[in-house]
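Here is the structure we will look at, set down as structure tokens.
The values are calculated or read from the model by the stated rules, or taken from the named source; none is laboratory data. Remember, it's a predicted structure, so these values are computed and weren't measured experimentally. Quick reminder, even Gly has a Cβ in these numbers, built from the backbone with ideal geometry, and neighbours come from all protein chains shown. The accessibility values were calculated without ligands, DNA or RNA, using every heavy atom of the protein model including side chains. Shrake-Rupley method; radii C 1.70, N 1.55, O 1.52, S 1.80 Å.
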Amino acid sequence: MEVWTCPGVVRNTLRLPLGAPDLWDRWKRLLAATDLGSDIWVAQVDCRVVGTIVVTYESGLRSHVARVGIEVHDDYQNKGEGRQLVSAAIDHAETQLGKQRIELHVFTDNEPAIGLYKKFSFEIEGVHRSFGFREGQYVDVYSMARVTV
Ligand SMILES: CC(C)(COP(=O)(O)OP(=O)(O)OC[C@H]1O[C@@H](n2cnc3c(N)ncnc32)[C@H](O)[C@@H]1OP(=O)(O)O)[C@@H](O)C(=O)NCCC(=O)NCCS
């Protein structure tokens, strides 16, 4: 909850500033569903959760696809936590589960995240105009994907 509601995370994701009223319930549902269609990794420092990456697996004719969303607490950014989370998620999705396309959305002005994804060979595929609403304005996102097929 602390990670998902800190200002830098809220500004760069679609999370709500004070947390959605049902955030805790949704988090529990997500955890309960890990064997069905998603996995979550956390980054820990001194027994404190400082980052999360949620990986959701598509089904049917998109069963080769995984989607990711990553958040590192403001106080722990730029210390390599994000790199470790992305690396763990990619390794599991590709090596263990055989996924061949990992995709995500990122705000077009989120340079740290775009830099991180490019480091792992994600490519920008296109722009979704006015995709989200942030601080009174509509904002664009890039679709990015890492495709190994
Ligand atoms: C984006 C985010 C996950 C990166 O995690 P992090 O732990 O801060 O990143 P790391 O320290 O592991 O850095 C990994 C790479 O990211 C890139 N990066 C990090 N900060 C950067 C910056 N300010 N500008 C450009 N690239 C940057 C670099 O490529 C860096 O590699 P390097 O250290 O070898 O140069 C983190 O900043 C975050 O959670 N931000 C708020 C929420 C968010 O934006 N989530 C993503 C939504 S799509």
Does at least one position in the range 97-108 carry a residue that is touching a residue at least 24 places away in the same chain (Cβ under 8 Å) and of a type in the set (Lys, Arg)? yes
Tell me which residues, restricted to the range 41-55, are surrounded by fewer than 17 Cβ atoms within 10 Å (Cβ to Cβ) and within 15 Å of the ligand (Cβ to nearest atom). 42, 44, 45, 48, 49
Looking at the range 70-114 only, could you name the residues that are small (Gly, Ala, Ser) and farther than 21 Å from residue 15 by Cβ? 80, 87, 88, 93, 98
Inside the range 101-115, the number of residues satisfying the requirement of being farther than 17 Å from residue 52 by Cβ and among the small types (Gly, Ala, Ser) is 1
For the range 68-110, which positions are within 11 Å of the ligand (Cβ to nearest atom) and open to solvent by 40 Å² or more (accessible area, probe 1.4 Å)? 74, 75, 76, 77, 78, 79, 83, 84, 87, 105, 108, 109
Can you find, within the range 16-36, the residue that is modelled with the highest pLDDT among those that are in contact with a strand residue (DSSP E or B) (Cβ under 8 Å, 6 or more places away or on another chain) and surrounded by 12 or more Cβ atoms within 10 Å (Cβ to Cβ)? 30
Please go through (1) touching a residue at least 60 places away in the same chain (Cβ under 8 Å); (2) over 13 Å from the mean Cα position of the chain (by Cα) for residue 91 and return the number of the only condition it doesn't satisfy. (1)
Taking the range 132-149 and keeping residues of a type in the set (Ser, Thr, Tyr) and outside any strand (DSSP E or B) leaves 148
Return yes or no: is residue 135 modelled with pLDDT under 95 and open to solvent by 20 Å² or more (accessible area, probe 1.4 Å)? yes
